[in-house]
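K.L.:
What follows is a single structure, and I will ask about it in a moment.
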Amino acid sequence: MALTISVYRRRQKLDQLMSAYTWFFLFTALVWIFSGIRYLAVGFGLIGPWITFNDIVVQLSVFAGGPPLFYYLITKVYNNKRLATTFSVISFILWVIAGGLLLLPNGVPTRDVTHFTVESTVNPISFIIFSSQMAILLVLLFYDIISRLRQIKNTTFKKEEKFAILYSLGIGVYLILGSIDESKIITDWPLVVFRVLYVASFLFIYLIVSQEEETKEILLTEQKQII
């Protein structure tokens, strides 16, 4: 949430591409806010039907990150806003379908309850929707990173490109962590340790945003001095 607020405060300096990036992390913040509420409630013994509703909100927030992320990556890779909008709309339709399935009985079945974690998963069809989108997003991310890394030796390579690589790298790390988390391969106490890595991912992206802003201010100051 702190990362989302930090980026939102810079909204007047952000372009449409980075606005989509911000929207993704807003939905990500909702995932962890409601996950935190669930853990606190269960920790204090407040277990009831509302837990299922909370889990539905968490999963809806997970799927809601798809449309803005598709817009961000398609625009970066292909520089085609119409194509980016098309993919975002498709992702939104899949979000509606997955959300409808989550509302059905056993849409978000609880898988593991331990002393360290209280984890629910999604129904098989919703998980397929999640996995297919995640696979496409990761391919786009790696393609974007590799293609930009190849340009580093180019004399026309700009500092902005370095930040673009770091943005993709940061979100790539988060998506890999999120994919493992959503599959529920890791549970019990190792999951607590595993989720500490999310904090590192968020901090990494925050530092990129701050560094880019500082670099732009320095360049602007130098340009004014030249004039």
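K.L.:
Among the residues of the stretch 45-57, are any of a type outside the set (Asp, Glu), within 27 Å of SER168 (Cα to Cα) and either assigned to a loop (DSSP other than H, G, I, E, B) or modelled with pLDDT of 90 or more (or both)?
P.N.:
Yes, some residue in the stretch 45-57 is of a type outside the set (Asp, Glu), within 27 Å of SER168 (Cα to Cα) and either assigned to a loop (DSSP other than H, G, I, E, B) or modelled with pLDDT of 90 or more (or both).
K.L.:
Please verify whether the stretch 82-101 includes one or more residues that are of a type outside the set (Val, Ile, Thr), at pLDDT below 90 and in a helix (DSSP H, G or I).
P.N.:
No, there is no match, as no residue in the stretch 82-101 is of a type outside the set (Val, Ile, Thr), at pLDDT below 90 and in a helix (DSSP H, G or I).
K.L.:
Still on this structure: Within the stretch 100-114, identify whether any single residue is under 29 Å from TRP189 (Cα atoms) and under 21 Å from the mean Cα position of the chain (by Cα), and answer yes or no.
P.N.:
yes
K.L.:
I need the full set of residues from the stretch 102-133 which are part of a helix (DSSP H, G or I) and either in contact (Cβ under 8 Å) with a residue 24 or more places away in the chain or of a type in the set (D, E, K, R) (or both), in order please.
P.N.:
LEU102, ILE125, SER126, PHE127, ILE129, PHE130, SER131, GLN133
K.L.:
Right, next: Out of all the residues in the stretch 69-96, which are surrounded by fewer than 14 Cβ atoms within 10 Å (Cβ to Cβ) and either at positive phi or among the aliphatic types (A, V, I, L, M) (or both)?
P.N.:
Result: ASN79, VAL89, ILE93, VAL96.
K.L.:
So for the stretch 140-150 (the condition being part of a loop (DSSP other than H, G, I, E, B) and at pLDDT below 90), does at least one residue qualify?
P.N.:
Yes, that holds for at least one residue.
K.L.:
What is the number of the single condition among (1) closer than 20 Å to ILE171 by Cβ; (2) without any contact (Cβ under 8 Å) to a residue 60 or more places away in the chain that PHE24 does not meet?
P.N.:
The one condition PHE24 does not meet is (2).
K.L.:
What number of residues within the stretch 82-98 are touching a residue at least 12 places away in the same chain (Cβ under 8 Å) and farther than 22 Å from PHE127 by Cα?
P.N.:
2
K.L.:
Residue pairs, Cβ under 6 Å, 6 or more apart or interchain, first in the stretch 45-65 and touching a residue at least 40 places away in the same chain (Cβ under 8 Å) and among the polar types (S, T, N, Q), second surrounded by 12 or more Cβ atoms within 10 Å (Cβ to Cβ) and not in a loop (DSSP other than H, G, I, E, B). List them.
P.N.:
Short answer, once both residue conditions are applied: GLN59/LEU102.
The values are calculated or read from the model by the stated rules, or taken from the named source; none is laboratory data. Since the model is a prediction, treat every value here as computed from it, not as a measurement. Note: ideal-geometry Cβ built from the backbone for every residue, glycine included; neighbour counts use all protein chains shown.
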